[in-house]
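S.K.: Have a look at this one before I ask anything.
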Amino acid sequence: MSEQQTVGFTVNGERHTVSVPTRELLVHTLRERLHLTGTHIGCDSSHCGACTVDLNGRSVKSCTVLTVQAQNAEVLTVEGLAGPDGLHPLQEGFREEHGLQCGFCTPGMLVRAYRFLQENPDPDEDQIRTGMAGNLCRCTGYQNIVKAIRYAAEKQTAGSV
Amino acid sequence: MIPPSFAYRAPASLKEALALIDESGDDAKFLAGGHSLLPMMKFRVSEPAVLIDLGGVPELQGIREAGDRIHIGPMSTENEIIGSALLQQKCPLLPEVARWIADPQVRNRGTIGGDVAHGDPANDHPAVMLALEADFVLRSSQGERVVPANEFYFGTYFTAMEANEVLAEIRVPVLGPGTGYAYKKLKRKTGDFAIAAACVLLTLDRGICKRIAITLTNVGPTPLRASAAEQALTGKAIDDAAVENAAQLAMQICDPAEDLRGDKEYKTHMAGEMVRRAIRQALERAKEAK
Ligand SMILES: Cc1cc2nc3c(=O)[nH]c(=O)nc-3n(C[C@H](O)[C@H](O)[C@H](O)COP(=O)(O)OP(=O)(O)OC[C@H]3O[C@@H](n4cnc5c(N)ncnc54)[C@H](O)[C@@H]3O)c2cc1C
Ligand code: FES
Ligand code: FES
(Lines give C-alpha, C1' and ligand atoms only; values in the text may rest on other atoms or scores of the structure.)
(Ligands and ions follow the chains in the order given, each with its own letter.)
Protein backbone atom coordinates (compact mmCIF):
# COMPACT_ATOMS: atom_id res chain seq x y z
CA MET A 1 0.00 0.00 0.00
CA SER A 2 1.68 3.08 -1.14
CA GLU A 3 0.41 6.30 0.29
CA GLN A 4 0.10 9.03 -2.35
CA GLN A 5 -0.08 12.73 -1.78
CA THR A 6 -0.36 15.79 -3.99
CA VAL A 7 2.35 18.38 -3.44
CA GLY A 8 2.52 21.83 -5.00
CA PHE A 9 5.72 23.86 -5.01
CA THR A 10 7.78 26.27 -7.04
CA VAL A 11 11.06 25.17 -8.58
CA ASN A 12 13.28 27.83 -10.15
CA GLY A 13 10.29 30.14 -10.37
CA GLU A 14 8.02 27.61 -12.05
CA ARG A 15 4.98 26.18 -10.27
CA HIS A 16 4.69 22.37 -10.21
CA THR A 17 2.09 20.01 -8.81
CA VAL A 18 3.10 16.38 -8.42
CA SER A 19 1.45 13.30 -7.02
CA VAL A 20 4.07 11.37 -5.08
CA PRO A 21 4.30 8.47 -2.64
CA THR A 22 4.70 10.02 0.82
CA ARG A 23 8.08 8.33 1.16
CA GLU A 24 9.54 9.95 -1.95
CA LEU A 25 12.60 12.10 -1.28
CA LEU A 26 12.80 15.59 -2.72
CA VAL A 27 15.94 14.75 -4.70
CA HIS A 28 14.09 11.96 -6.53
CA THR A 29 11.13 14.18 -7.36
CA LEU A 30 13.49 16.79 -8.79
CA ARG A 31 15.52 14.33 -10.81
CA GLU A 32 12.99 11.74 -11.91
CA ARG A 33 9.69 13.61 -12.15
CA LEU A 34 10.84 17.11 -13.09
CA HIS A 35 13.94 15.86 -14.95
CA LEU A 36 16.14 18.40 -13.19
CA THR A 37 19.13 16.09 -13.04
CA GLY A 38 21.61 18.81 -12.05
CA THR A 39 20.99 17.96 -8.40
CA HIS A 40 23.15 14.89 -7.73
CA ILE A 41 22.97 12.01 -5.31
CA GLY A 42 26.36 11.18 -3.81
CA CYS A 43 26.19 9.53 -0.42
CA ASP A 44 22.39 9.40 -0.05
CA SER A 45 22.96 9.82 3.70
CA SER A 46 23.13 13.59 4.31
CA HIS A 47 26.92 13.79 4.44
CA CYS A 48 28.30 14.87 1.05
CA GLY A 49 26.13 17.81 0.02
CA ALA A 50 25.92 16.86 -3.69
CA CYS A 51 22.12 16.99 -3.37
CA THR A 52 22.05 20.50 -1.87
CA VAL A 53 19.17 22.70 -2.99
CA ASP A 54 17.74 25.93 -1.66
CA LEU A 55 14.43 25.36 0.16
CA ASN A 56 12.57 28.51 1.25
CA GLY A 57 15.84 30.44 1.27
CA ARG A 58 17.88 27.88 3.20
CA SER A 59 20.41 25.33 1.99
CA VAL A 60 19.25 21.77 2.63
CA LYS A 61 20.28 18.27 1.62
CA SER A 62 17.44 17.06 -0.59
CA CYS A 63 18.29 13.38 0.02
CA THR A 64 17.03 13.90 3.56
CA VAL A 65 13.87 15.91 2.88
CA LEU A 66 10.58 14.26 1.96
CA THR A 67 8.82 15.81 -1.00
CA VAL A 68 5.67 16.09 1.15
CA GLN A 69 7.68 18.35 3.49
CA ALA A 70 8.13 20.77 0.57
CA GLN A 71 4.42 21.59 0.29
CA ASN A 72 4.12 25.21 -0.99
CA ALA A 73 7.89 25.65 -0.82
CA GLU A 74 10.17 27.71 -3.04
CA VAL A 75 12.97 25.52 -4.35
CA LEU A 76 16.07 26.63 -6.23
CA THR A 77 18.29 24.11 -7.99
CA VAL A 78 21.48 24.57 -10.00
CA GLU A 79 19.37 24.83 -13.17
CA GLY A 80 17.93 28.07 -11.78
CA LEU A 81 21.25 29.85 -11.27
CA ALA A 82 22.14 31.09 -14.74
CA GLY A 83 20.16 34.13 -15.86
CA PRO A 84 19.19 35.41 -19.32
CA ASP A 85 22.59 37.13 -19.52
CA GLY A 86 24.50 33.90 -19.10
CA LEU A 87 26.31 32.19 -16.30
CA HIS A 88 25.90 33.20 -12.69
CA PRO A 89 29.06 34.81 -11.23
CA LEU A 90 29.58 31.63 -9.20
CA GLN A 91 29.46 29.44 -12.28
CA GLU A 92 31.84 31.82 -13.98
CA GLY A 93 34.11 31.68 -10.91
CA PHE A 94 34.19 27.88 -10.94
CA ARG A 95 35.16 27.98 -14.62
CA GLU A 96 37.79 30.71 -14.27
CA GLU A 97 39.41 29.31 -11.12
CA HIS A 98 39.17 25.62 -12.07
CA GLY A 99 36.81 24.96 -9.17
CA LEU A 100 35.89 21.54 -10.53
CA GLN A 101 37.45 18.45 -11.96
CA CYS A 102 34.95 15.59 -12.39
CA GLY A 103 32.12 18.01 -11.58
CA PHE A 104 30.06 15.63 -9.51
CA CYS A 105 30.01 17.83 -6.41
CA THR A 106 29.68 21.06 -8.39
CA PRO A 107 25.87 21.54 -8.47
CA GLY A 108 25.73 21.18 -4.69
CA MET A 109 28.74 23.46 -4.27
CA LEU A 110 27.16 26.13 -6.48
CA VAL A 111 23.75 26.09 -4.83
CA ARG A 112 25.24 26.09 -1.33
CA ALA A 113 27.71 28.86 -2.27
CA TYR A 114 24.81 30.87 -3.74
CA ARG A 115 22.99 30.89 -0.37
CA PHE A 116 26.21 31.32 1.59
CA LEU A 117 27.05 34.51 -0.34
CA GLN A 118 23.55 35.86 0.34
CA GLU A 119 24.22 35.32 4.05
CA ASN A 120 27.79 36.57 3.92
CA PRO A 121 28.53 38.61 0.78
CA ASP A 122 32.21 39.30 1.51
CA PRO A 123 33.64 36.26 3.28
CA ASP A 124 37.28 35.52 4.02
CA GLU A 125 38.81 32.10 3.39
CA ASP A 126 38.02 30.74 6.86
CA GLN A 127 34.41 31.80 6.60
CA ILE A 128 34.13 30.18 3.17
CA ARG A 129 35.55 26.92 4.47
CA THR A 130 33.17 26.92 7.45
CA GLY A 131 30.18 27.92 5.33
CA MET A 132 30.94 25.22 2.77
CA ALA A 133 31.72 22.53 5.36
CA GLY A 134 28.65 20.48 4.42
CA ASN A 135 29.91 19.86 0.87
CA LEU A 136 32.56 17.28 0.05
CA CYS A 137 34.74 17.16 -3.05
CA ARG A 138 36.83 14.11 -3.93
CA CYS A 139 38.89 15.82 -6.63
CA THR A 140 39.94 19.40 -6.18
CA GLY A 141 41.40 19.64 -2.69
CA TYR A 142 39.02 22.62 -2.17
CA GLN A 143 41.65 25.28 -2.85
CA ASN A 144 40.15 26.30 -6.17
CA ILE A 145 36.60 26.05 -4.86
CA VAL A 146 37.50 28.65 -2.25
CA LYS A 147 39.03 30.84 -4.97
CA ALA A 148 35.96 30.43 -7.17
CA ILE A 149 33.70 31.60 -4.38
CA ARG A 150 35.96 34.58 -3.68
CA TYR A 151 35.84 35.40 -7.41
CA ALA A 152 32.04 35.46 -7.30
CA ALA A 153 31.96 37.45 -4.07
CA GLU A 154 34.21 40.10 -5.59
CA LYS A 155 32.23 40.25 -8.79
CA GLN A 156 28.90 40.49 -6.96
CA THR A 157 29.99 43.10 -4.42
CA ALA A 158 31.58 45.17 -7.22
CA GLY A 159 28.33 44.89 -9.19
CA SER A 160 26.13 45.99 -6.31
CA VAL A 161 27.88 49.32 -5.60
CA MET B 1 17.74 4.37 -0.27
CA ILE B 2 14.08 5.13 0.11
CA PRO B 3 12.27 4.87 3.44
CA PRO B 4 9.47 2.32 3.89
CA SER B 5 5.90 3.43 3.18
CA PHE B 6 3.99 5.39 5.77
CA ALA B 7 0.93 7.60 6.07
CA TYR B 8 1.88 11.27 6.32
CA ARG B 9 -0.03 13.79 8.40
CA ALA B 10 0.70 17.49 8.70
CA PRO B 11 -1.24 18.94 11.65
CA ALA B 12 -1.59 22.73 11.92
CA SER B 13 -1.85 22.88 15.71
CA LEU B 14 -0.52 21.08 18.77
CA LYS B 15 -4.01 19.90 19.67
CA GLU B 16 -4.39 18.33 16.26
CA ALA B 17 -0.95 16.70 16.49
CA LEU B 18 -1.81 15.13 19.85
CA ALA B 19 -5.19 13.88 18.61
CA LEU B 20 -3.47 12.34 15.58
CA ILE B 21 -0.91 10.46 17.68
CA ASP B 22 -3.72 9.08 19.89
CA GLU B 23 -5.68 7.73 16.96
CA SER B 24 -2.61 6.42 15.11
CA GLY B 25 -1.48 4.02 17.85
CA ASP B 26 1.99 2.78 18.70
CA ASP B 27 3.33 2.73 15.16
CA ALA B 28 3.20 6.48 14.74
CA LYS B 29 6.13 8.86 15.14
CA PHE B 30 6.54 12.59 15.18
CA LEU B 31 8.74 14.04 12.44
CA ALA B 32 10.78 17.13 13.32
CA GLY B 33 13.80 17.98 11.14
CA GLY B 34 14.05 14.37 10.01
CA HIS B 35 17.85 14.31 10.17
CA SER B 36 17.98 11.40 12.58
CA LEU B 37 14.65 9.77 11.79
CA LEU B 38 14.81 9.70 7.97
CA PRO B 39 18.31 8.13 7.90
CA MET B 40 17.08 5.49 10.37
CA MET B 41 14.04 4.83 8.19
CA LYS B 42 16.24 4.50 5.11
CA PHE B 43 18.19 1.79 6.94
CA ARG B 44 14.92 0.17 8.17
CA VAL B 45 16.04 0.68 11.77
CA SER B 46 12.77 2.53 12.23
CA GLU B 47 9.59 1.73 10.28
CA PRO B 48 6.76 3.90 11.54
CA ALA B 49 3.35 3.36 9.89
CA VAL B 50 2.40 7.00 10.38
CA LEU B 51 4.57 10.13 10.39
CA ILE B 52 3.11 13.20 12.05
CA ASP B 53 5.06 16.22 10.81
CA LEU B 54 5.50 18.89 13.49
CA GLY B 55 6.78 21.40 10.92
CA GLY B 56 3.47 23.26 10.74
CA VAL B 57 2.73 23.41 14.47
CA PRO B 58 3.19 27.05 15.54
CA GLU B 59 3.14 26.30 19.30
CA LEU B 60 6.45 24.43 18.98
CA GLN B 61 8.36 27.37 17.46
CA GLY B 62 10.15 30.33 18.97
CA ILE B 63 12.57 31.22 21.75
CA ARG B 64 11.45 33.57 24.55
CA GLU B 65 12.49 34.81 27.96
CA ALA B 66 10.30 33.97 30.97
CA GLY B 67 11.76 35.46 34.16
CA ASP B 68 15.02 33.69 34.96
CA ARG B 69 14.33 30.96 32.37
CA ILE B 70 14.40 30.79 28.60
CA HIS B 71 11.66 28.76 26.95
CA ILE B 72 12.80 27.16 23.72
CA GLY B 73 10.34 25.79 21.18
CA PRO B 74 11.58 22.30 20.28
CA MET B 75 11.17 22.98 16.55
CA SER B 76 13.88 25.66 16.68
CA THR B 77 16.57 24.56 14.25
CA GLU B 78 20.24 24.49 15.22
CA ASN B 79 20.78 27.52 12.99
CA GLU B 80 18.00 29.36 14.81
CA ILE B 81 19.75 28.51 18.09
CA ILE B 82 23.00 29.90 16.67
CA GLY B 83 21.25 33.03 15.40
CA SER B 84 19.26 33.78 18.55
CA ALA B 85 20.35 37.10 20.06
CA LEU B 86 18.49 36.18 23.25
CA LEU B 87 20.43 32.94 23.71
CA GLN B 88 23.69 34.59 22.74
CA GLN B 89 23.17 37.09 25.54
CA LYS B 90 21.52 34.94 28.22
CA CYS B 91 22.65 31.38 27.57
CA PRO B 92 25.59 31.52 25.14
CA LEU B 93 26.45 27.89 25.89
CA LEU B 94 23.65 26.71 23.58
CA PRO B 95 24.71 28.59 20.41
CA GLU B 96 28.29 27.47 21.12
CA VAL B 97 27.18 23.82 21.25
CA ALA B 98 24.99 24.11 18.15
CA ARG B 99 28.01 25.24 16.13
CA TRP B 100 29.62 21.88 16.92
CA ILE B 101 26.69 19.96 15.46
CA ALA B 102 26.79 18.57 11.91
CA ASP B 103 27.17 21.10 9.06
CA PRO B 104 25.34 24.19 7.75
CA GLN B 105 22.74 22.30 5.71
CA VAL B 106 21.95 19.78 8.45
CA ARG B 107 21.68 22.64 10.98
CA ASN B 108 19.00 24.23 8.79
CA ARG B 109 16.77 21.17 9.26
CA GLY B 110 17.79 19.48 12.52
CA THR B 111 15.94 20.80 15.57
CA ILE B 112 17.01 21.11 19.19
CA GLY B 113 13.88 19.19 20.20
CA GLY B 114 14.70 16.28 17.92
CA ASP B 115 18.29 16.25 19.16
CA VAL B 116 17.11 16.12 22.77
CA ALA B 117 14.17 13.72 22.31
CA HIS B 118 15.87 11.17 20.08
CA GLY B 119 17.79 9.54 22.95
CA ASP B 120 20.97 9.06 20.92
CA PRO B 121 23.94 9.28 23.34
CA ALA B 122 26.03 10.66 20.46
CA ASN B 123 23.87 13.78 20.24
CA ASP B 124 25.40 16.89 21.75
CA HIS B 125 22.49 18.73 23.37
CA PRO B 126 21.48 16.06 25.93
CA ALA B 127 24.64 16.33 28.08
CA VAL B 128 24.35 20.10 27.89
CA MET B 129 20.74 19.87 29.10
CA LEU B 130 21.94 17.85 32.11
CA ALA B 131 24.54 20.47 32.96
CA LEU B 132 21.99 23.29 32.59
CA GLU B 133 19.46 21.34 34.68
CA ALA B 134 16.95 22.04 31.96
CA ASP B 135 13.31 21.00 32.23
CA PHE B 136 11.43 19.25 29.44
CA VAL B 137 7.72 19.96 29.11
CA LEU B 138 5.95 16.87 27.81
CA ARG B 139 2.41 17.23 26.54
CA SER B 140 -0.21 14.66 25.58
CA SER B 141 -3.96 14.90 25.05
CA GLN B 142 -4.22 13.94 28.73
CA GLY B 143 -2.27 16.95 29.96
CA GLU B 144 1.20 18.17 30.68
CA ARG B 145 4.10 17.10 32.87
CA VAL B 146 7.53 18.56 33.42
CA VAL B 147 10.49 16.17 33.55
CA PRO B 148 13.96 17.38 34.57
CA ALA B 149 16.59 16.58 31.95
CA ASN B 150 18.51 14.73 34.68
CA GLU B 151 15.62 12.22 34.96
CA PHE B 152 14.86 11.93 31.24
CA TYR B 153 17.50 9.58 29.78
CA PHE B 154 17.14 5.87 30.57
CA GLY B 155 19.18 4.22 27.82
CA THR B 156 20.04 4.42 24.14
CA TYR B 157 16.86 5.60 22.32
CA PHE B 158 15.02 5.09 25.62
CA THR B 159 13.72 8.16 27.45
CA ALA B 160 10.99 9.15 29.92
CA MET B 161 8.79 10.30 27.02
CA GLU B 162 5.72 8.15 26.25
CA ALA B 163 4.82 7.37 22.63
CA ASN B 164 1.75 9.65 22.79
CA GLU B 165 3.69 12.60 24.21
CA VAL B 166 5.28 15.49 22.42
CA LEU B 167 8.24 17.43 23.74
CA ALA B 168 6.46 20.78 23.84
CA GLU B 169 9.07 23.06 25.40
CA ILE B 170 12.65 23.11 26.67
CA ARG B 171 13.29 25.38 29.66
CA VAL B 172 16.84 26.44 30.41
CA PRO B 173 18.13 28.91 33.01
CA VAL B 174 19.45 32.35 32.20
CA LEU B 175 23.15 32.08 33.00
CA GLY B 176 24.19 34.63 35.60
CA PRO B 177 27.07 36.98 34.71
CA GLY B 178 29.55 35.07 36.91
CA THR B 179 28.83 31.69 35.33
CA GLY B 180 31.65 30.08 33.38
CA TYR B 181 30.68 27.61 30.67
CA ALA B 182 32.36 25.38 28.11
CA TYR B 183 31.61 22.56 25.72
CA LYS B 184 34.64 20.69 24.43
CA LYS B 185 34.10 18.14 21.69
CA LEU B 186 36.62 15.94 19.93
CA LYS B 187 35.51 14.83 16.48
CA ARG B 188 37.26 13.45 13.45
CA LYS B 189 35.83 15.89 10.91
CA THR B 190 32.96 18.30 10.23
CA GLY B 191 29.63 16.56 10.57
CA ASP B 192 30.93 13.83 12.81
CA PHE B 193 29.53 12.86 16.16
CA ALA B 194 31.75 13.20 19.22
CA ILE B 195 34.51 10.71 19.99
CA ALA B 196 33.93 12.24 23.41
CA ALA B 197 32.73 15.61 24.64
CA ALA B 198 32.36 17.35 27.98
CA CYS B 199 30.20 20.19 29.21
CA VAL B 200 31.10 22.28 32.25
CA LEU B 201 29.16 25.05 33.99
CA LEU B 202 30.59 26.68 37.10
CA THR B 203 30.23 29.62 39.43
CA LEU B 204 32.94 30.99 41.70
CA ASP B 205 32.72 32.78 45.02
CA ARG B 206 35.95 34.66 45.80
CA GLY B 207 38.00 32.11 43.90
CA ILE B 208 36.22 29.12 45.42
CA CYS B 209 34.09 26.85 43.26
CA LYS B 210 30.58 27.38 44.55
CA ARG B 211 28.78 25.15 42.09
CA ILE B 212 29.92 23.02 39.15
CA ALA B 213 28.21 20.71 36.68
CA ILE B 214 30.28 18.28 34.60
CA THR B 215 28.55 16.14 31.99
CA LEU B 216 29.72 13.86 29.19
CA THR B 217 28.60 13.03 25.62
CA ASN B 218 28.92 9.68 23.83
CA VAL B 219 30.81 7.72 26.45
CA GLY B 220 27.89 5.64 27.71
CA PRO B 221 24.37 4.56 26.74
CA THR B 222 23.06 7.95 27.91
CA PRO B 223 24.62 11.35 28.53
CA LEU B 224 26.47 11.09 31.85
CA ARG B 225 26.70 13.37 34.85
CA ALA B 226 30.08 13.13 36.57
CA SER B 227 28.73 13.65 40.09
CA ALA B 228 31.84 12.47 41.95
CA ALA B 229 33.99 14.87 39.94
CA GLU B 230 31.53 17.69 40.68
CA GLN B 231 31.62 16.92 44.41
CA ALA B 232 35.40 16.80 44.46
CA LEU B 233 35.59 20.37 43.12
CA THR B 234 32.72 21.98 44.99
CA GLY B 235 33.92 24.22 47.82
CA LYS B 236 37.55 24.16 46.60
CA ALA B 237 39.89 26.45 44.73
CA ILE B 238 40.34 24.83 41.31
CA ASP B 239 44.07 24.29 40.77
CA ASP B 240 45.85 21.91 38.39
CA ALA B 241 45.71 19.02 40.84
CA ALA B 242 41.98 19.51 41.34
CA VAL B 243 41.39 19.56 37.57
CA GLU B 244 43.37 16.33 37.19
CA ASN B 245 41.47 14.67 40.02
CA ALA B 246 38.13 15.66 38.45
CA ALA B 247 39.22 14.30 35.07
CA GLN B 248 40.21 10.96 36.65
CA LEU B 249 36.88 10.72 38.49
CA ALA B 250 34.96 11.52 35.30
CA MET B 251 36.88 8.83 33.40
CA GLN B 252 35.79 6.26 35.98
CA ILE B 253 32.13 6.53 34.93
CA CYS B 254 32.82 6.24 31.19
CA ASP B 255 31.61 3.13 29.41
CA PRO B 256 31.81 4.02 25.72
CA ALA B 257 30.78 1.69 22.91
CA GLU B 258 33.67 0.64 20.71
CA ASP B 259 33.32 1.72 17.07
CA LEU B 260 35.29 3.25 14.18
CA ARG B 261 36.00 6.29 16.35
CA GLY B 262 38.06 4.21 18.76
CA ASP B 263 38.14 1.61 21.49
CA LYS B 264 37.00 2.03 25.08
CA GLU B 265 40.38 3.03 26.43
CA TYR B 266 41.00 5.73 23.83
CA LYS B 267 37.52 7.21 24.15
CA THR B 268 37.73 7.20 27.94
CA HIS B 269 41.05 9.04 27.82
CA MET B 270 39.67 11.55 25.36
CA ALA B 271 36.68 12.12 27.66
CA GLY B 272 39.16 12.88 30.46
CA GLU B 273 40.99 15.35 28.24
CA MET B 274 37.74 17.06 27.22
CA VAL B 275 36.88 17.43 30.92
CA ARG B 276 40.26 19.06 31.65
CA ARG B 277 39.87 21.50 28.76
CA ALA B 278 36.24 22.29 29.57
CA ILE B 279 36.99 23.00 33.25
CA ARG B 280 39.89 25.28 32.32
CA GLN B 281 37.87 27.26 29.79
CA ALA B 282 34.84 27.55 32.09
CA LEU B 283 37.15 28.72 34.87
CA GLU B 284 38.69 31.40 32.66
CA ARG B 285 35.29 32.61 31.57
CA ALA B 286 34.02 32.72 35.16
CA LYS B 287 37.02 34.84 36.15
CA GLU B 288 36.67 37.16 33.12
CA ALA B 289 33.04 37.76 33.94
CA LYS B 290 33.87 39.11 37.40
C1 LIG C 1 25.42 14.30 8.70
C2 LIG C 1 24.84 14.45 10.07
C3 LIG C 1 25.66 14.83 11.12
C4 LIG C 1 25.14 15.00 12.40
N5 LIG C 1 25.98 15.39 13.40
C6 LIG C 1 25.47 15.61 14.64
C7 LIG C 1 26.31 16.05 15.71
O8 LIG C 1 27.51 16.26 15.54
N9 LIG C 1 25.74 16.25 16.93
C10 LIG C 1 24.41 16.06 17.15
O11 LIG C 1 23.96 16.28 18.28
N12 LIG C 1 23.60 15.62 16.17
C13 LIG C 1 24.10 15.40 14.94
N14 LIG C 1 23.27 14.97 13.93
C15 LIG C 1 21.87 14.68 14.26
C16 LIG C 1 21.02 15.91 13.99
O17 LIG C 1 21.37 16.92 14.91
C18 LIG C 1 19.51 15.60 14.09
O19 LIG C 1 18.89 16.65 13.45
C20 LIG C 1 18.94 15.46 15.48
O21 LIG C 1 19.55 14.41 16.17
C22 LIG C 1 17.45 15.11 15.42
O23 LIG C 1 16.69 16.27 15.23
P24 LIG C 1 15.60 16.32 14.07
O25 LIG C 1 14.88 17.61 14.24
O26 LIG C 1 16.24 16.08 12.79
O27 LIG C 1 14.63 15.14 14.54
P28 LIG C 1 13.97 13.92 13.75
O29 LIG C 1 14.98 13.16 13.03
O30 LIG C 1 12.79 14.41 13.00
O31 LIG C 1 13.44 13.09 15.01
C32 LIG C 1 14.30 12.35 15.84
C33 LIG C 1 13.46 11.60 16.88
O34 LIG C 1 12.92 12.50 17.84
C35 LIG C 1 11.50 12.46 17.85
N36 LIG C 1 11.04 13.84 18.02
C37 LIG C 1 11.53 14.93 17.38
N38 LIG C 1 10.95 16.06 17.83
C39 LIG C 1 10.08 15.67 18.79
C40 LIG C 1 9.17 16.37 19.66
N41 LIG C 1 9.10 17.71 19.65
N42 LIG C 1 8.43 15.66 20.53
C43 LIG C 1 8.52 14.30 20.57
N44 LIG C 1 9.36 13.58 19.79
C45 LIG C 1 10.13 14.26 18.92
C46 LIG C 1 11.10 11.84 16.54
O47 LIG C 1 9.85 11.18 16.64
C48 LIG C 1 12.24 10.88 16.29
O49 LIG C 1 12.05 9.70 16.99
C50 LIG C 1 23.77 14.78 12.64
C51 LIG C 1 22.93 14.39 11.59
C52 LIG C 1 23.45 14.23 10.32
C53 LIG C 1 22.52 13.83 9.23
S1 FES D 1 23.44 12.80 -1.45
FE2 FES D 1 22.52 14.07 -0.01
S3 FES D 1 24.16 14.66 1.21
FE4 FES D 1 25.08 13.20 -0.09
S1 FES E 1 35.09 17.92 -8.75
FE2 FES E 1 34.99 15.77 -8.52
S3 FES E 1 34.00 15.59 -6.60
FE4 FES E 1 34.36 17.70 -6.71
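One line per residue, one yes/no per condition, for (1) under 20 Å from residue B:139 (Cα atoms); (2) crowded, with 20+ Cβ neighbours inside 10 Å; (3) within 24 Å of the chain's Cα centre (by Cα):
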{"site": "B:21", "(1), (2), (3)": "yes, yes, no"}
{"site": "B:28", "(1), (2), (3)": "yes, yes, yes"}
{"site": "B:37", "(1), (2), (3)": "no, yes, yes"}
{"site": "B:46", "(1), (2), (3)": "no, no, yes"}
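S.K.: Please tell me if residue A:111 is touching a residue at least 40 places away in the same chain (Cβ under 8 Å) and not in a helix (DSSP H, G or I).
M.R.: Values: touching a residue at least 40 places away in the same chain (Cβ under 8 Å): yes; not in a helix (DSSP H, G or I): no.
For residue A:111, the condition - touching a residue at least 40 places away in the same chain (Cβ under 8 Å) and not in a helix (DSSP H, G or I) - is not met.
S.K.: Under the condition of being open to solvent by less than 10 Å² (accessible area, probe 1.4 Å) and more than 14 Å from chain A (Cβ to nearest Cβ), which residue from segment B:78-111 is nearest to residue B:213 (Cα to Cα)?
M.R.: By that ranking, first place goes to B:93.
S.K.: Out of segment B:202-223, which residues are surrounded by fewer than 24 Cβ atoms within 10 Å (Cβ to Cβ) and over 12 Å from residue B:282 (Cβ atoms)?
M.R.: Answer for segment B:202-223, where residues must be surrounded by fewer than 24 Cβ atoms within 10 Å (Cβ to Cβ) and over 12 Å from residue B:282 (Cβ atoms): B:205, B:206, B:207, B:208, B:210, B:220, B:221, B:222.
S.K.: Check every one of the helices (runs of 4 or more DSSP H) wholly within segment B:212-290 and list those with 2 or more residues that are within 17 Å of residue B:178 (Cβ to Cβ).
M.R.: Values: elements: B:227-233, B:240-252, B:264-289.
The qualifying helices (runs of 4 or more DSSP H) are B:264-289.
S.K.: Separate question: Out of B:219, B:275, report the one residue that is in contact (Cβ under 8 Å) with a residue 40 or more places away in the chain, touching a Pro at 6+ places or on another chain (Cβ under 8 Å), closer than 23 Å to residue B:93 by Cα and not assigned by TED's automatic domain parsing to the domain that holds residue B:131. Before the answer, list the steps.
M.R.: Working: B:275 fails: touching a Pro at 6+ places or on another chain (Cβ under 8 Å).
Only one candidate passes the filter, namely B:219.
Let's see how each residue does on (1) away from ligand 3 (no atom under 16 Å from the Cβ); (2) over 19 Å from residue B:107 (Cβ atoms):
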site: A:48; (1), (2): no, no
site: A:57; (1), (2): yes, no
site: A:62; (1), (2): yes, no
site: A:65; (1), (2): yes, no
site: A:68; (1), (2): yes, yes
site: A:74; (1), (2): yes, yes
site: A:79; (1), (2): yes, yes
site: A:85; (1), (2): yes, yes
site: A:89; (1), (2): yes, yes
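S.K.: From (1) over 17 Å from the mean Cα position of the chain (by Cα); (2) under 17 Å from residue B:104 (Cα atoms); (3) of a type in the set (Ser, Thr, Tyr), pick out the condition that doesn't hold for residue A:130.
M.R.: (1)
S.K.: So which of A:67, A:37, A:52 is in contact with a helix residue (DSSP H, G or I) (Cβ under 6 Å, 6 or more places away or on another chain) and open to solvent by 50 Å² or more (accessible area, probe 1.4 Å)?
M.R.: Result of the check over A:67, A:37, A:52: A:37.
S.K.: If we keep just the residues of segment B:49-60 that are over 27 Å from residue B:192 (Cα atoms) and open to solvent by 30 Å² or more (accessible area, probe 1.4 Å), which is farthest from the chain's Cα centre (by Cα)?
M.R.: Per the criteria, the residue is B:49.
S.K.: Also, I was wondering about something else. Looking only at residues in segment B:138-187 that are open to solvent by 60 Å² or more (accessible area, probe 1.4 Å) and under 17 Å from residue B:215 (Cβ atoms), which one is farthest from ligand 1 (Cβ to nearest atom)?
M.R.: B:150
S.K.: Among (1) under 29 Å from residue B:25 (Cβ atoms); (2) away from ligand 2 (no atom under 16 Å from the Cβ); (3) not basic (Lys, Arg), there is one condition residue B:110 misses while meeting the rest; what is its number?
M.R.: Only one criterion is unmet by residue B:110, namely (2).
S.K.: Residues that are under 28 Å from residue A:127 (Cβ atoms): which helices (runs of 4 or more DSSP H) entirely in segment B:1-116 hold 1 or more of them?
M.R.: By residue number, B:78-83, B:85-90, B:93-98, B:104-109.
S.K.: From the list A:115, A:95, exactly one residue is away from ligand 1 (no atom under 16 Å from the Cβ), more than 17 Å from residue A:47 (Cβ to Cβ), modelled with pLDDT of 95 or more and open to solvent by less than 70 Å² (accessible area, probe 1.4 Å). Which is it?
M.R.: Criteria check complete, one pass: A:115.
S.K.: If a residue counts only when it is more than 10 Å from chain B (Cβ to nearest Cβ), which strands (runs of 3 or more DSSP E) contained entirely in segment A:10-86 have at least 3 such residues?
M.R.: Hits in segment A:10-86: A:14-21, A:74-76.
S.K.: Same structure again: If we scan segment A:99-106, do we find a residue that is within 13 Å of ligand 3 (Cβ to nearest atom), at pLDDT 95 or above and assigned to a helix (DSSP H, G or I)?
M.R.: yes
S.K.: Restricting to segment A:137-151, name every residue that is under 13 Å from residue A:113 (Cβ atoms) and either within 12 Å of ligand 3 (Cβ to nearest atom) or open to solvent by less than 50 Å² (accessible area, probe 1.4 Å) (or both).
M.R.: If the condition is that a residue be under 13 Å from residue A:113 (Cβ atoms) and either within 12 Å of ligand 3 (Cβ to nearest atom) or open to solvent by less than 50 Å² (accessible area, probe 1.4 Å) (or both), then A:137, A:142, A:144, A:145, A:146, A:148, A:149 are the ones that fit.
The values are calculated or read from the model by the stated rules, or taken from the named source; none is laboratory data. This is a predicted model, so every value here is computed, not measured. Virtual Cβ from ideal backbone geometry, glycine too; neighbours counted across all protein chains shown. We work out accessible area using only protein heavy atoms, side chains counted, and drop any ligands, DNA or RNA first. Shrake-Rupley method; radii C 1.70, N 1.55, O 1.52, S 1.80 Å.
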